[in-house]
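The values are calculated or read from the model by the stated rules, or taken from the named source; none is laboratory data. Since we're looking at a predicted model, the values are computed, not measured. Virtual Cβ from ideal backbone geometry, glycine too; neighbours counted across all protein chains shown. Calculation scope for accessible area: heavy atoms of the full protein, side chains included, ligands and nucleic acids excluded. Shrake-Rupley method; radii C 1.70, N 1.55, O 1.52, S 1.80 Å.
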Amino acid sequence: MPKPCRTPDCTRPAYNTRSRCNTCRRRIRTYGDPHHPGRYTIDHTEVEIAVQRRTFPEGLTEAERILVGRRLANTELSISQIAALAGVSTRTAARWSATRHLTA
């Protein structure tokens, strides 16, 4: 007996050895996974904590990392220090610093 699709509320069987049915796979490929937190969601509490601690913790979304970088650019940290904390190139940290006026 085939295993069920792992998408919540889906009753169809999974396709071959995969974990989702064809309908759900096609929907996710076309519209994105509605259960995924997404690249551009921002949790401002996490950003504030990261700025106060001057760290880039695991699990930050892309938008949160950029916002933390921009906020740290407003402090006395140099671009090379921000790049070392974030694990990015100095060019990326400089780009965050150049766009710091866009953040509130």
Subset of the range 14-48 that is open to solvent by less than 60 Å² (accessible area, probe 1.4 Å) and closer than 30 Å to ARG65 by Cα - its residue that is modelled with the highest pLDDT = VAL47
Would a scan of the range 10-26 turn up a residue that is closer than 30 Å to VAL88 by Cβ, over 14 Å from the mean Cα position of the chain (by Cα) and among the hydroxyl-bearing types (Ser, Thr, Tyr)?
-> no
Complete set of residues in the range 53-82 that are assigned to a loop (DSSP other than H, G, I, E, B), under 17 Å from SER97 (Cβ atoms), open to solvent by 70 Å² or more (accessible area, probe 1.4 Å) and touching a helix residue (DSSP H, G or I) at 6+ places or on another chain (Cβ under 9 Å) = ARG54, ASN74
